[in-house]
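Enquirer: The structure is given below, and queries will be raised subsequently.
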Amino acid sequence: MNDATSIKPAAGRPSSGAPAIEARDLVMRFGAGGPSPVLAVDHVSFALAPGEFVSLIGPSGCGKTTILNLLTGLLHETHEGQLHVLGKPPREGNPDIAYMLARDSLLPWRTTLANAAYGMEIRGVPKQERETRARDLLKQVGLGDFADKYPKALSHGMRQRCALARTFALDSPVLLMDEPFGALDAQTKLTLEDVLMNLWSTHRKTVVFVTHDLAEAIALSDRVIVMSARPGRIVADVPIDLPRPRSVRKLQSDHRFHDLYAQLWGLLEQGATGDE
Ligand SMILES: Nc1ncnc2c1ncn2[C@@H]1O[C@H](COP(=O)(O)OP(=O)(O)OP(=O)(O)O)[C@@H](O)[C@H]1O
Ligand SMILES: [Mg+2]
């Protein structure tokens with residue numbers, strides 16, 4: 001299995017220059033023009049440098065998933081403000097983006113290998129290349145010996161490892177992750193966070209990571225954006241200046257980690273009461 005507690009060094013700080021992701025004065029109102037519109041996101045602005053890992057935290061219903069969906073171009077309702085991914089407005093099926101959700105969406109009739117290769121198959125990557133890449137990624141997430149097994153033979157944590165392999169195998173420069181470890185037990189979660197840190201250090205993607213777990217946000221991120229209750233606004237954008245490489249487990253005994261936790265908790269409380 002993967003040695004999840006040893007993390008390879010990150011490949012340097014994010015480069016300066018054009019942002020990989022940029023939102024400016026983003027407003028999202030569901031059912032606009034109807035009898036009961038819902039203001040979900042209210043004048044949100046942020047930018048991510050290429051290779052940055054940024055977490056988005058905030059109360060349930062504050063618009064985190066909505067922001068990710070807007071970035072993918074999956075939401076067909078119109079928004080106000082500007083949104084750019086690698087300099088271009090969002091569009092559905094954008095190969096620059098890979099999206100990973102809380103529940104693994106492994107197909108039960110496919111092997112672990114075929115599941116890890118599935119996203120590439122949809123994108124038309126040639127068979128030989130996708131198999132090679134999927135095998136390589138499965139090794140990186142510690143599933144090298146399970147390539148021929150079916151999902152029913154995998155634990156929940158192993159299925160999320162496979163989903164991580166599939167996401168990184170796409171080799172998209174931008175990853176959107178919506179509570180990918182939200183349904184895991186605490187121990188498995190720590191292990192998977194380290195697996196993710198390893199992958200990110202190796203592949204250095206730009207990541208927007210949504211979570212309700214403050215410890216997870218601190219352990220993984222370069223910055224944490226704190227949102228208020230609906231309508232979602234940005235309460236704070238907190239740099240996480242803990243040195244890398246990090247071990248998620250070792251951080252639990254670092255006082256700076258606990259200081260950041262208290263700071264983020266305070267900010268969440270501050271934004272806990274929305275307008276509606
Ligand atoms: N397709 C939709 N149509 C109408 N309203 C929607 C739609 N999607 C989201 N909303 C509303 O927008 C608001 C933000 O929802 P969103 O799912 O983005 O919240 P969230 O921050 O991801 O919450 P959680 O932490 O519970 O996942 C909610 O009030 C929700 O009801
Ligand atoms: Mg959500």
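Derivation of every value follows stated rules applied to the coordinates shown; laboratory data play no part. Bear in mind the structure is a predicted one, so any value in this text is a computation, not a measurement. Every residue, glycine as well, gets a Cβ built from its backbone with ideal geometry; the counts of neighbours run over all protein chains shown.
Enquirer: Label K88 and E121 with points 7 Å out from Cα along Cα→Cβ: what is the distance between them in nm?
Expert: 2.6
Enquirer: Now a separate question. Rounded to the nearest 0.05, what FRET efficiency do Y261 and V38 have when you use their Cβ-Cβ distance and R0 = 25 Å?
Expert: My answer for the efficiency is 0.20.
Enquirer: Further question on the same structure: Dipole size in debye (nearest 20) for segment 68-180 around its Cα centre, Lys and Arg Cβ +1, Asp and Glu Cβ -1?
Expert: 440
Enquirer: From the residues G144, H76, P173, which one has its Cα farthest along the dipole of segment 55-175 in the positive direction, the dipole being from +1 and -1 charges on Cβ of Lys/Arg and Asp/Glu about the Cα centre?
Expert: G144
Enquirer: Here is a follow-up. Can you tell me which of P35, P180, P95 moves the most in a GNM of the chain? Springs connect C-alpha atoms under 10 Å apart.
Expert: In the Gaussian network model the winner is P35.
Enquirer: Next up: Label points 7 Å out from Cα along the Cβ direction at A186 and S60: separation in nm?
Expert: For the pair A186/S60, the computed spacing is 2.0 nm.
Enquirer: Gaussian network model of the chain, Cα springs within a sub-10 Å range: biggest mean-square fluctuation belongs to which of A165, A153, A40?
Expert: With Cα springs under 10 Å in the chain, the top fluctuation among A165, A153, A40 is at A153.
Enquirer: Of the peptides 25-32, 230-237, how do they stack up when ordered by the mean number of other Cβ atoms within 10 Å, highest first?
Expert: 230-237, 25-32
Enquirer: What lysines sit close enough to K189 to cross-link, taking a C-alpha to C-alpha distance under 21 Å and skipping anything fewer than 8 places away on the same chain?
Expert: The qualifying lysines are K8, K64, K139, K152, K205, K250.
Enquirer: Next question, about the same structure. Determine the sum of side-chain charges near G144: Lys and Arg each +1, Asp and Glu each -1, restricted to other residues whose C-beta is under 10 angstrom from that of G144.
Expert: Neighbourhood net charge equals 0.
Enquirer: Could you tell me which of L101, L26, G63 has its Cα farthest along the dipole of the chain towards the positive end, charges placed at Cβ (Lys, Arg +1; Asp, Glu -1), taken about the Cα centre?
Expert: Ranked along the dipole, the leading option is L101.
Enquirer: Okay, next question. About its Cα centre, how strong a charge dipole does the chain have in debye, to the nearest 20, once Lys and Arg get +1 and Asp and Glu get -1 at the Cβ?
Expert: The calculation lands at about 820 debye.
Enquirer: Once amide H atoms are placed 1.01 Å from N in the peptide plane, what residues at a sequence separation of 5 or more from M100, or on another chain, have their amide H within under 5 Å of its amide H?
Expert: Sorted by chain and number, the residues that satisfy this are L176, M177, D178.
Enquirer: What order do you get for S172, S105, S36 when you list them from fewest to most C-beta neighbours inside 10 Å?
Expert: S36, S105, S172
Enquirer: Give me the number: length gained by fully extending T273 to A18, i.e. 0.36 nm times residue separation minus the C-alpha to C-alpha distance, one decimal in nm.
Expert: 88.4 nm
Enquirer: Please give the residues of segment 213-232, grouped as numeric ranges, whose backbone N is less than 15 Å from a label point set 7 Å along the Cα-to-Cβ vector of S45.
Expert: none
Enquirer: For segment 184-276, with only Lys/Arg (+1) and Asp/Glu (-1) charged at the beta-carbon, what is the dipole magnitude about the Cα centre, in debye rounded to 20?
Expert: Approximately 380 debye in magnitude.
Enquirer: Measuring from centroid to centroid over Cα atoms, what is the spacing of segment 219-276 and segment 33-100 in Å?
Expert: Between the Cα centre of segment 219-276 and that of segment 33-100, the gap is 20 Å.
Enquirer: Relative contact order for the chain: what percent, with Cα pairs under 8 Å and sequence separation of 6 or more?
Expert: 26
Enquirer: Cα extents of the chain along the three principal axes, largest first, in whole Å?
Expert: 51, 45, 38
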